[in-house]
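Take a look at the structure set out below.
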Amino acid sequence: MPDLATALDIESPQEKLVRRLCEILNEYLDPAQVKDIVRAYEFGAAAHKDQFRVSGEAYICHPVSVAIHLAEMRMDAHGIMAAILHDVIEDTAVSKQELTATFSKEVADLVDGVTKLTKLNHISRAEAQAENVRKMFLATANDLRVIIVKLADRLHNIQTLGSMPVSKKRRIAKETLDIYAPIANLLGMNEIRHQLESLGFSAMFPLRHNILKNAVKKARGNRREVINVIEGSLKSHLGQTGMDFEIAGREKNLYSIYQKMLQKKISFTDVFDVYAFRIFCNEIDSCYRILGIV
């Protein structure tokens, strides 16, 4: 069977996205599954054919971009199909029954689940309700893939705020920081959480974000030598144990630093844990031994 990614006549921006999606999918799904996903794309493109984003691009580019992010996470075929179709019930004349007949009950249930989560956005604007909305998100989704699709959807939305009005940017940013980033954290999806927090903070408080960003950049040079000494010491001592381990140093994201400054009512100069280390090992026993050495 020919490669489906090259079998398509790629010309438009959305078809270029489909090519990229197929390239990723072909790395871990079988051709029949990829073919089903392409069919979902064709269905979604037809349903959204007269819809466009604020940027002017065809609306279908958004769900395909969401699907690409999930494919990079190795989401299963039905989850990818649901990502491509996640707005058809909400924004087009397509019904859940039609999705069931065209694809499967599983795909239709996933899309319907994402639609129900989307409707919760309308009650998430009050800060006092944020915790309740997070609980409703988790309770509403019977399948964890529904939440993962919704998180990827929000990530792409906040990545592409573009020329939206400031008021709308702030509303989306607030929802992201109050609802979506904490859910990503609860699920242990740290990469998505950090992106949501960083982009949400930048959109919500652009001036504060830039000031803190410059302060961290200035402090980086002063603290790099200390970080190198700590990392070298850890590697030296742990290397003597014979255990398998990896050390990953990272700079804490700006939103995390900002939150600490708010909660403790301190200035940036009083925040000392701007950098952090994570030590990865294979066994629980090794984890405690490494902790003792640290």
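The values are calculated or read from the model by the stated rules, or taken from the named source; none is laboratory data. Computed from a predicted model, the values in this text were never measured in an experiment. Cβ sites come from the backbone with ideal geometry, for glycine too, and all protein chains shown count toward neighbours. Heavy atoms of the whole protein, side chains included, go into the accessibility calculation; ligands, DNA and RNA do not. Shrake-Rupley method; radii C 1.70, N 1.55, O 1.52, S 1.80 Å.
In the range 235-245, which residues are open to solvent by 80 Å² or more (accessible area, probe 1.4 Å) and either in a helix (DSSP H, G or I) or within 16 Å of Lys217 (Cα to Cα) (or both)? Across the range 235-245, the qualifying residues are Lys235, His237. If Asn142 passes every condition in (1) free of Cβ contacts under 8 Å to residues at least 40 places away in the same chain; (2) under 18 Å from Ile60 (Cβ atoms); (3) open to solvent by 30 Å² or more (accessible area, probe 1.4 Å); (4) of a type outside the set (Lys, Arg) but one, which one does it miss? With respect to (1) free of Cβ contacts under 8 Å to residues at least 40 places away in the same chain; (2) under 18 Å from Ile60 (Cβ atoms); (3) open to solvent by 30 Å² or more (accessible area, probe 1.4 Å); (4) of a type outside the set (Lys, Arg), Asn142 is out only on (2). Is it fair to say Thr176 is hydroxyl-bearing (Ser, Thr, Tyr), open to solvent by less than 50 Å² (accessible area, probe 1.4 Å) and under 28 Å from Ala93 (Cβ atoms)? Against the criterion (hydroxyl-bearing (Ser, Thr, Tyr), open to solvent by less than 50 Å² (accessible area, probe 1.4 Å) and under 28 Å from Ala93 (Cβ atoms)), Thr176 does not qualify.
So that you can scan it fast, the table gives a plain yes or no per residue for (1) surrounded by 12 or more Cβ atoms within 10 Å (Cβ to Cβ); (2) assigned to a helix (DSSP H, G or I):
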residue: Leu207; (1), (2): no, yes
residue: Asn214; (1), (2): no, yes
residue: Ile247; (1), (2): yes, no
residue: Ile257; (1), (2): yes, yes
residue: Phe277; (1), (2): yes, no
residue: Asp285; (1), (2): no, yes
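Restricting attention to the range 59-85 and to residues that are of a type in the set (A, V, I, L, M, F, W, C) and in contact with a His (Cβ under 7 Å, 6 or more places away or on another chain), the residue that is nearest to Leu151 (Cα to Cα) turns out to be Val66.
Here Ala101 clears all of (1) touching a His at 6+ places or on another chain (Cβ under 7 Å); (2) open to solvent by 60 Å² or more (accessible area, probe 1.4 Å); (3) of a type in the set (A, V, I, L, M) except the condition numbered (1). Residue pairs whose Cβ atoms lie under 6 Å apart, sitting 6 or more positions apart in sequence or on different chains, and linking a residue in the range 235-251 that is touching a residue at least 24 places away in the same chain (Cβ under 8 Å) and under 10 Å from Ile279 (Cβ atoms) to a partner that is open to solvent by 70 Å² or more (accessible area, probe 1.4 Å) and part of a strand (DSSP E or B), are Glu246/Phe280; Ala248/Arg278. Evaluate the range 50-67: report whether one residue or more is open to solvent by 60 Å² or more (accessible area, probe 1.4 Å) and without any contact (Cβ under 8 Å) to a residue 12 or more places away in the chain. The answer is yes; a qualifying residue exists.
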